[in-house]
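Quick notes on the structure that follows.
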Amino acid sequence: MTQKTSYTGPKIALYQPDIPQNTAAIIRLAACLNLKVHIIEPCGFNLDDPRFKRVAMDYIKLSKITRYRNFESFKKKNPKSRIILMTTKAKKSYLAFKFKDKDILLFGRESSGVPDKIQKEIKDKIKIKLNKKARSLNVAMAAAIVSSEALRQNYCL
């Protein structure tokens, strides 16, 4: 079996992130796995925030980050990508989902997810099935789990 060498992995998009440490951890993850990160503004913090810098460390220099003014500009700049929303409201598990090369994994705000308008607009929605007593995973953990599965499906097979 041969590896697909043109695959660069999923892209991770963060919708108006509001916890600097989570955003920094995702940037560090993306730097280590050679993934691109899209940040859809406005952020709930400044990228000069010491909490952000402490977690991102020097991995920020290895990162491929693109920032967008809003969700509309993000969509306009990525017309060929399938946007997959990670949401606890989804019915389908990420384990039953077939990821593709140009996919963008969209994660909502830690405090409130994405607005209903965006939730309705996105066709593909998936979740990580959790213990029924648990509410949700940390967004950085969820990004690691799902991007690893997308990589496994498209790159490592």
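The values are calculated or read from the model by the stated rules, or taken from the named source; none is laboratory data. This is a predicted model, so every value here is computed, not measured. So basically every Cβ, Gly included, is an ideal-geometry build from the backbone, and we count neighbours across all protein chains shown. Just the protein is used for accessible areas: all its heavy atoms, side chains included, with ligands, DNA and RNA removed. Shrake-Rupley method; radii C 1.70, N 1.55, O 1.52, S 1.80 Å.
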**Request:** Calculate the dipole size of the stretch 65-107 relative to its Cα centre from +1 charges on Lys and Arg beta carbons and -1 charges on Asp and Glu beta carbons; express the result in debye to the nearest 20.
**Result:** 120
**Asked** Among (i) 58, 35, 25; (ii) 53, 34, 26; (iii) 44, 35, 34, which is the computed Cα extents along the principal axes in Å?
**Response** (iii)
**222 nm mean residue ellipticity, helices alone, for the chain (DSSP H n ≥ 4; -39,500 (n - 2.57); rounded to 500)** = -9500 deg cm²/dmol
**Message:** To check you understand DSSP bridge types, tell me what percent of the beta bridges within the stretch 1-113 (both residues inside) are antiparallel, rounded to 5.
**Reply:** 5
**Request:** Taking amide H positions as placed in the peptide plane 1.01 Å from N, state which residues far from H38 in sequence (5 or more) or on other chains have amide H under 5 Å from it.
**Result:** I12, A13, L14, T66
**Asked** Any idea of the accessible area per residue across the chain, 1.4 Å probe, to the nearest Å²?
**Response** 59
**Prompt:** What dipole magnitude, in Debye to the nearest 20, does the stretch 37-139 give about its Cα centre under +1 on Lys/Arg Cβ and -1 on Asp/Glu Cβ?
**Reply:** 540
**Message:** Taking a ≥ b ≥ c as the square roots of the Cα gyration tensor eigenvalues, with a/c under 1.5 meaning rounded and otherwise prolate when a/b beats b/c, else oblate, which class fits the stretch 70-138?
**Reply:** oblate
**Request:** Leaving ligands, DNA and RNA out of it, report the carbon-plus-sulfur percent of the accessible area of the stretch 8-89 at a 1.4 Å probe.
**Result:** 53
**Asked** Relative contact order of the stretch 1-112: what whole-number percent is it, with Cα pairs under 8 angstrom and at least 6 residues apart?
**Response** 36
